[in-house]
Protein chains: 2
Amino acid sequence: MSDIPMTLHGLHAAYARGVSPEAVIRQVYARIAAVGDPAIFLAMPTEAEALEAARALGPFDPSKPLWGVPFAVKDNIDVAGFPTTAACPDYAYTPDGDAFVVARLKAAGGLFVGKTNLDQFATGLVGVRTPYGAPLNSIDPEIVPGGSSGGSGVAVGHGIVALALGTDTAGSGRVPAALNNIVGLKPTLGALSASGVVPACRSIETISIFALTVQDAYAAFQVCCAHDPADAFAKPCPAPALTAPPAAPVIGIPSADSIRFLGDTVQAASFAEAVDLLRGHGAEIREIDFAPLYAVAEMLYEGAWVAERYTVIEELLRRKPEAIHPVTRAIICKAEALSAADAFRGIYRLKELARAAEPALAGIDALCVPTIPTFYSTADLEADPVTPNSNFGTYTNFVNLLDMCGIAVPTPARSDGRPGSVTLLAEAGKDALVAALALDLEAAGNRALGATTWATPAPATLPPAAPTSQGLAVCG
Amino acid sequence: MSDIPMTLHGLHAAYARGVSPEAVIRQVYARIAAVGDPAIFLAMPTEAEALEAARALGPFDPSKPLWGVPFAVKDNIDVAGFPTTAACPDYAYTPDGDAFVVARLKAAGGLFVGKTNLDQFATGLVGVRTPYGAPLNSIDPEIVPGGSSGGSGVAVGHGIVALALGTDTAGSGRVPAALNNIVGLKPTLGALSASGVVPACRSIETISIFALTVQDAYAAFQVCCAHDPADAFAKPCPAPALTAPPAAPVIGIPSADSIRFLGDTVQAASFAEAVDLLRGHGAEIREIDFAPLYAVAEMLYEGAWVAERYTVIEELLRRKPEAIHPVTRAIICKAEALSAADAFRGIYRLKELARAAEPALAGIDALCVPTIPTFYSTADLEADPVTPNSNFGTYTNFVNLLDMCGIAVPTPARSDGRPGSVTLLAEAGKDALVAALALDLEAAGNRALGATTWATPAPATLPPAAPTSQGLAVCG
């Protein structure tokens, strides 16, 4: 299709030449029809309603950074007047109000166009654990869409919308990005309010943002990042304008001994190529032993955190257990065997593992990891609904447990044509740093955006960073 | 007795005029004999061994801030070669090494003189839940000694030692201070290593320090405060030299509607007098509604944290349940009814209560609270072993759950002669601020130190604080 590219750059250019937001909404609905996958969206405004919302925007308003930008919302996040299902019809309720973050997107001029499918209760990294049928991967229908934010990832991959909200505990905001050749921004915990979100693991999750480009994901992050005292887990977090990263950042990667591709040599080559790109942009690459990080990752389902998920479904489980997807139920009900003492033992163990990981992370500006170690097909998941899911979490599961922020960014396609993707990770509050580091990677090669034919953005030139505190002199 | 005052000032003056550390050790053992309470210490070096350690110090070393200073250690903290019982003979083990903090005290020249009695497994604020018999309160033997660090509080109250280590989860480092007319410094969580400590609630507890004066407690805090990576809950924390507090600090106190004295009008008058002292020193007093803080306090035993205590005794409980004090066992075994989901629900509830308390605490430099709302006798505890204990925690239980630091400081005696005490509290990392604020209070009136006849220190003159970051100019 020769549509308007679903990027802020593409939309702003179209609006500047007189295209109307109604025309953009018509394109959204036309692309939905052209894609023809009924499992992406679980609920939508009618086209007429969406057009009315577009008209209600009035004339272009440069003070609204997302004016006329279509966005989708994972269906575990409230949008006023639309059911929130969490992919479980018997759980559904229809909220009167928008989630805090959805309200921010709307206030910034964003146009809501649909609630997206997900692994039920955001439990899964595959996107197929849903009673509504799995959305098809936007790149290759044999591959799983990724999850749990599968519908959001696929909607952006197809260029239906410019932005889509996901959520991320284990990697639900990153794995679908890797599988659909798009960007997945996983903010610092607490940066984005969870008010109006059906929790999965409330203490270690966040809303996430999918977009076709890093700049777009980060622009949406800036819009969404405002402190919400009503969310007890929210924290004031910085969301400054992007500036150039350090000239020679120290980037940690998994050591040769500890890196895991599960036999996928094509993925290994793709990752090596991405690391070379970083090196070419001046990074100092430091190999670190990932054993302590894998040990942290294992706590997510082996430790007590599955009990957080249990608190969400407990009432439904008593009332109508068959309403819950059997795989999901089997995973979450492990919590029934765990005592409060087990929960605290898990918290102690995590603290000890985090401490053990500190030496490896000392002196590193950011980590670069493969977003996923390899690919899995829907057939693989039918044969074994658990192991591929666990494997997808190899490089994602430890991140929220260690309170890191990250961004999954496409890299040049693999030698077999499948999308390349790495994730840049840094300590909490460094969301701008990882986004800035990701810009060079997304501009490399001759990749197209998502599953579209739209060209990747030109390499960005960022303004230099403000002087650091190392240059401060005390004079007060 | 006309002994050398057990303060750093008193000891330094004695050493300066040629007194030997052996003479000080002889005084320690003479006072122990004079006090004649066999329930204060659970284990001690022989006097000959202690004298040998004193001789081994060599000549006075000004680089060792605690050179020749006798100290005691609560018996849930390891001292090499002495059994650690946690007041439970069947739990006891004899460690090969010192706890991290004990090693710091010894390295600074401190002289270890004994392990002190406690409420078993540091569970209690009364000091009588011990199979070794309760130590007698140093001021009035009818009053409970306070706990759980009862032996440490009494040892300092009697002037046997200059310093004693306690631990503090619910208030075990503060309540004995109030009951024995001494100082109880409860550091920021993580400031003092827990390596070599039998935990009570590992995620929300700390070693604490008892002393006769604020300056002494803070000096010991500075010695002990060094980051220990081996303790997964340790955090690097500041322990700067004391400087003058703000000229007009904003001090929050419980509002008239929310303050609780349980009918003790003498305690109410004593607290009002302490607040007047603060006001007289320039503080702006702001009444705040304590309801949110009381709600936090209730989480400590009503929430899931009791399961932390359960993890400590679980093995012993299976092996020999009768080895555990019946009151202690009844409290801790409540954890058996709590699931991991309950634990996380407790964590959520705490986060929400902490958020609800934020508005009341905004703009406050520190809180000032009565350390205890009223007094209880050993007879009261025999009649009801639980309620008085709970009441003692009125103003202490919320503190570690909210990650605040604090110092319990004596104020002029109440009109009935019982000790006055308030606790100053501030956010984590402000240990120096609360200590500085406490100095004026301890110097007020004509109080003696602890149960001794030694005079209170003269009002301190602290150097002005360094310029704050508000005066920084960026020039790098």
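We did not get these values from a lab; they are worked out from the coordinates using the rules stated. Please read all numbers here as calculations on a predicted model, not as lab measurements. Please note: Cβ atoms are built from the backbone with ideal geometry, for glycine as well, and neighbour counts cover all protein chains shown.
Using the structure shown, select from A:430/B:235; B:74/B:351; A:64/A:115; B:235/B:334; A:320/A:351 the pairs with a Cα to Cα distance greater than 26 angstrom. If you can, show how the numbers build up before the last one.
Numbers: A:430/B:235 20 Å; B:74/B:351 31 Å; A:64/A:115 23 Å; B:235/B:334 31 Å; A:320/A:351 37 Å.
Beyond 26 Å: B:74/B:351; B:235/B:334; A:320/A:351.
On the principal axes of its Cα set, how long, how wide and how thick is the protein assembly as shown? Give whole Å, largest value first.
97, 62, 57
Percent antiparallel among DSSP beta bridges with both residues in chain B, to the nearest 5? Show your work: numbers first, answer last.
Working: 30 of 46 bridges.
Within chain B, antiparallel bridges account for around 65 percent of the total.
Find out how many positive minus negative residues lie around residue B:419, taking Lys and Arg as positive, Asp and Glu as negative, among other residues whose Cβ is under 12 Å from that of residue B:419. If you can, show how the numbers build up before the last one.
Numbers: positive: B:414, B:418, B:447; negative: B:140, B:416, B:442.
Once all neighbours under 12 Å are counted, the net charge is 0.
Inside 10 Å of the C-beta atoms of B:331-340, what's the mean count of C-beta atoms belonging to other chains? Please report the intermediate quantities before stating the final value.
Working: counts 0, 0, 0, 1, 4, 3, 2, 4, 14, 21.
Average neighbour count from other chains, rounded to a whole number: 5.
Where Lys and Arg each count +1 and Asp and Glu each count -1, what net charge lies around residue A:461 among other residues with Cβ under 15 Å from its Cβ? Before the final figure, lay out the partial values.
Working: positive: none; negative: A:440, A:442.
Computed value for this residue: -2.
Count the net charge of all other residues whose Cβ sits under 12 Å from the Cβ of residue A:283, scoring Lys and Arg as +1 and Asp and Glu as -1.
Details: positive: A:279, A:286; negative: A:276, A:284, A:365, A:440.
So the surrounding residues net to -2.
How many percent of Cα pairs in the range B:41-86 exceed 14 Å? Mind showing how you got there, number by number?
Numbers: 602 of 1035 pairs.
Summing the P(r) tail past 14 Å for the range B:41-86 gives 58 percent.
Using only atoms on other chains, find how many Cβ atoms lie within 10 Å of each Cβ of peptide A:301-308 and report the average. If you can, show how the numbers build up before the last one.
Working: counts 0, 0, 1, 5, 2, 3, 7, 7.
Mean number of neighbouring Cβ atoms from other chains: 3.
What is the fewest-to-most order of A:286, B:129, B:414, A:202 by other Cβ atoms lying within 10 Å of their Cβ?
Working: A:286 15, B:129 26, B:414 19, A:202 23.
Starting with the residue having the fewest Cβ neighbours, the order is A:286, B:414, A:202, B:129.
May I ask what percent, to the nearest 5, of DSSP beta bridges between residues of the protein assembly as shown are antiparallel? It would help to have the intermediate numbers written out before the result.
On the way: 64 of 96 bridges.
Expressed as a percentage, antiparallel bridges in the protein assembly as shown total about 65.
Name the long-range amide H neighbours of residue B:414: under 5 Å, sequence gap of 5 or more, or other chain; modelled H, no Pro or chain starts.
Amide H neighbours of residue B:414, under 5 Å, 5+ apart: B:420.
Which ³J(HN,Hα) values, rounded to whole Hz and listed in residue order, are derived for the range A:416-429 from phi using the Karplus coefficients 6.51, -1.76 and 1.60 in 6.51 cos²θ - 1.76 cosθ + 1.60 with θ = phi - 60°, glycine and proline given as x?
Each residue's phi maps through the Karplus curve to give 9, x, 5, x, x, 7, 10, 10, 9, 10, 8, 5, 3, x Hz.
Among chain B residues, which Cβ is nearest the axis of the B-onto-A rotation, and at how many Å?
That would be B:343, 2, residue then distance in Å.
So what is the orientation-averaged projected area of the range B:1-148, using the convex hull of its C-alpha atoms, in nm²? Intermediate values should be presented prior to the final figure.
Working: hull surface 36.3 nm².
Averaged projected hull area, Cα only: 9.1 nm².
Could you give me the ³J(HN,Hα) list for the range B:70-76, computed from phi with Karplus coefficients 6.51, -1.76, 1.60 and θ = phi - 60°, whole Hz, x at Gly and Pro?
x, 9, 10, 9, 4, 7, 10
Quick one: Kirkwood hydrodynamic radius for the range A:176-271, alpha-carbon pairs, angstrom, one decimal? Spell out each step's value before the answer.
Details: mean 1/r = 0.0623 Å⁻¹.
Evaluated on the range A:176-271, it is 16.0 Å.
What does the copy distance list look like for residue A:23, label position 7 Å along Cα→Cβ, in nm and ordered from shortest?
Copy-to-copy label distances at residue A:23, shortest first: 9.9 nm.
Taking each label point as 7 Å beyond Cα in the direction of the beta carbon, state the distances from residue A:336 to the same residue in the other copies, shortest first, in nm.
Result, one decimal in nm: 2.2.
Sorted from fewest to most neighbouring beta carbons within 10 Å, what does the list A:37, A:384 look like?
On the way: A:37 21, A:384 11.
Ranked by crowding around the Cβ, least crowded first: A:384, A:37.
More than 13 Å apart: what percent of Cα pairs in the range B:152-220 qualify? All intermediate terms of the calculation are to be shown ahead of the outcome.
Numbers: 1342 of 2346 pairs.
Tail fraction, whole percent: 57.
Report, to two decimal places, the Cα Rg of the range B:347-430 normalised by 2.2 N^0.38 Å (N = number of residues). The partial results should precede the final answer.
Details: Rg = 15.2 Å, N = 84, 2.2 N^0.38 = 11.8 Å.
That works out to 1.28 for the range B:347-430.
Relative contact order of the range B:164-273: what whole-number percent is it, with Cα pairs under 8 angstrom and at least 6 residues apart? All intermediate terms of the calculation are to be shown ahead of the outcome.
Working: 142 pairs, mean separation 27.0, N = 110.
Answer for the range B:164-273 is 25 percent.
At 4 °C and a viscosity of 1.567 mPa s, what translational diffusion coefficient does Stokes-Einstein give for chain A, taking Rh as the Kirkwood radius over Cα pairs? Give it in µm²/s as a whole number.
On the way: Rh = 22.1 Å.
The estimated diffusion coefficient comes to 59 µm²/s.
What ranking do A:305, A:454 get, fewest neighbouring Cβ atoms within 10 angstrom at the top?
Working: A:305 29, A:454 20.
Listed from fewest to most nearby Cβ atoms, that is A:454, A:305.
Taking every residue in A:341-354, how many Cβ atoms of other protein chains lie within 10 Å of its Cβ, on average?
Numbers: counts 15, 5, 13, 15, 7, 2, 7, 7, 1, 1, 6, 4, 1, 1.
Neighbouring Cβ atoms belonging to other protein chains average 6 per residue here.
For the range B:1-148, what is the percent of antiparallel DSSP beta bridges, rounded to the nearest 5?
Values: 3 of 9 bridges.
Of those bridges, close to 35 percent are antiparallel.
Shortest first and in nm to one decimal, what separations exist between residue B:64 and its copies in the other chains, measuring from label points 7 Å along the Cα-to-beta-carbon line?
Computed spacing set for this position: 7.3 nm.
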